[in-house]
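Input: a single structure, listed below in structure tokens.
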Amino acid sequence: MAGATLFRSETPHCMPMPRYLRNRRLFALAALGAISLIRLMMSTVAWAELDDLSTANQEEIFRLAQQGDPSAQFRLGEMYDFGRGLAQDHSTAAKWYMAAASQGHPASQYALGLLYDVGRGVPQDYAEAMKWYRRAAENGHADAQLALGLKYDLGRGVAKNHAEAFRWYQRAAEQGHAGAQYMLGLTYATGDGTARDVAQAARWYRRAAEQGDTDAQLALANAYRFGIGLEADLAASNKWYRTAAEGGNGEAQF
């Protein structure tokens, strides 16, 4: 998610809502676009260890996938999607994700939603992406729950509904998803879809910050600096600014 300063121009109870918070959905849009990149990076890390898949292992995956095993179908979809052990082919990846997703495999449902969201291997279709994100989210997939929340926040593939966005952020956040914890904190800070509660915002920023989310670290630093949602503490503020900056957050480096 794009880093930005949350509270540096705000003092409690007397200043208008910061422009960053007023434009929260623009940042959410950037976050949604980043989901596929994040997933690609994570999958690349995971698959880097599998570049040496033996022919026998590949044949076993094919065999199981053709027999209808959803885990093998998902793995085969990943192999085609990211060109691990096979020539990259997004259309064939979509076919195997669909086979597994239709059997209720949550990771495949989410992966298929991503393909429809960005138009990779299938025509771009926000409504279809929304359908598969929802199925994965209802099956407990935290990344899909975050994606669904962002969809409701932005009104892409569904009518805008900030209360629904809040609900899905909360479900993913409660599973420990750092990005969702940050978005939940931001939702409490703005009061979109729920009552504004800066103490809850600070609480969720902290949970995400402790997992290494640099946007949350920056938000928590600002909260400590101005005493928004918690007691002002310049030492703690400087600590979190420094942590965010060391993590690569450009806004925290100024």
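Annotations
- Test: residue in region 36-51 that is of a type in the set (Gly, Ala, Ser), at pLDDT below 90 and more than 29 Å from residue 186 (Cα to Cα): yes
- For region 191-200, the set of residues classified as among the β-branched types (Val, Ile, Thr) and under 14 Å from residue 223 (Cβ atoms) consists of 198 only.
- For region 107-130, a residue qualifies if it is among the acidic types (Asp, Glu) and free of Cβ contacts under 8 Å to residues at least 60 places away in the same chain, and the qualifying residues are 125, 128.
- Leading residue by the ranking (farthest from residue 182 (Cα to Cα)) among those in region 202-228 that are touching a Phe, Trp or Tyr at 6+ places or on another chain (Cβ under 8 Å) and either part of a loop (DSSP other than H, G, I, E, B) or of a type outside the set (A, V, I, L, M, F, W, C) (or both): 225
- Region 79-98, residues that are buried (at least 24 other Cβ atoms within 10 Å of the Cβ) and among the charged types (D, E, K, R): 81
- With a requirement of 3 or more residues that are farther than 25 Å from residue 191 by Cβ and modelled with pLDDT of 95 or more, the helices (runs of 4 or more DSSP H) lying completely within region 100-175 that satisfy it span 106-118, 126-138.
- Here residue 123 meets the list (1) within 15 Å of the chain's Cα centre (by Cα); (2) surrounded by fewer than 24 Cβ atoms within 10 Å (Cβ to Cβ) almost entirely, failing just condition (1).
- Criterion applied to 232, 189 was being in a helix (DSSP H, G or I), touching a helix residue (DSSP H, G or I) at 6+ places or on another chain (Cβ under 8 Å) and either within 30 Å of residue 127 (Cα to Cα) or not polar (S, T, N, Q) (or both), and the one residue passing it is 189.
- Meets criteria (closer than 29 Å to residue 107 by Cβ, outside the structural domain of residue 110 (by TED's automatic domain parsing) and aliphatic (A, V, I, L, M)) for residue 154: no
The values are calculated or read from the model by the stated rules, or taken from the named source; none is laboratory data. Keep in mind the model is a prediction, meaning the values are calculated, not measured. Positions of Cβ are generated from backbone atoms using ideal geometry, with glycine treated the same way; all protein chains shown enter the neighbour counts.
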